[in-house]
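Written out below as structure tokens is the structure these notes cover.
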Amino acid sequence: MRVFVDKCHHTKEEAYLFPEMEKSDIPDSRELITSLKNEHEEGRQYVSRIERAVSEKEEHRELPTLVENSRAYIQLLTLHIDKEENNLFPMADAYLSQVVQKDLLESFEAVETEIIGPGKHEEFHRWLHAMGEVYAKPR
């Protein structure tokens, strides 16, 4: 979670997309960006709590803490993704020029290869689908 969500996705937004949108002074974008940044930080806190709960020795592991933070993180991500898909990305697409969008794409690809590592994104997707097959079966 920390690598795929934080280092990959959040880095692309925080280091490249948000500054570009702020520089372009897109109407109504500042509040949205502030909200999304706050949600990124809130997500980092949930992930840290989840990591601590998972790394505890089994006899000290507090399952309710793990479950509570996992559920809260899922809820946060669900709302966050909706906000990005229905507000942020359409706003960026409408206001940022094709040249800026091309430059952003190149920066995003650099994050993929230089920070995450070549092929890691695809590896994460394969892992996610495999986990979905195991844990997200219909009841």
*Scan of region 66-93 for residues that are surrounded by fewer than 11 Cβ atoms within 10 Å (Cβ to Cβ) and among the charged types (D, E, K, R), ordered by number*: D82, E85, D93
*Can you tell me which residues in region 109-139 are exposed (fewer than 11 other Cβ atoms within 10 Å of the Cβ) and closer than 16 Å to H10 by Cα?*
E114
*Residues that are in contact (Cβ under 8 Å) with a residue 40 or more places away in the chain and either surrounded by 17 or more Cβ atoms within 10 Å (Cβ to Cβ) or part of a helix (DSSP H, G or I) (or both), drawn from region 14-32*: A15, Y16, L17, E20, M21, I26, S29, L32
*Report, by residue number, each residue of region 66-106 that is under 28 Å from R52 (Cβ atoms) and either outside any helix (DSSP H, G or I) or basic (K, R) (or both).*
R71, K83
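So which of L63, L96 ends up being at pLDDT 95 or above and either surrounded by fewer than 11 Cβ atoms within 10 Å (Cβ to Cβ) or over 21 Å from M1 (Cα atoms) (or both)? Give the steps one after another, and end with the answer.
Details: L63 fails: at pLDDT 95 or above.
Exactly one residue qualifies, and that residue is L96.
Do we have any residue at all in region 17-31 that's charged (D, E, K, R) and under 16 Å from the mean Cα position of the chain (by Cα)?
Step one: of region 17-31, the residues charged (D, E, K, R) are 20, 22-23, 25, 28, 30-31.
When the remaining residues are screened for being under 16 Å from the mean Cα position of the chain (by Cα), the result is none.
No, there is no match, as no residue in region 17-31 is charged (D, E, K, R) and under 16 Å from the mean Cα position of the chain (by Cα).
The values are calculated or read from the model by the stated rules, or taken from the named source; none is laboratory data. Because the structure is a prediction, the values reported are computed rather than measured. Note: ideal-geometry Cβ built from the backbone for every residue, glycine included; neighbour counts use all protein chains shown.
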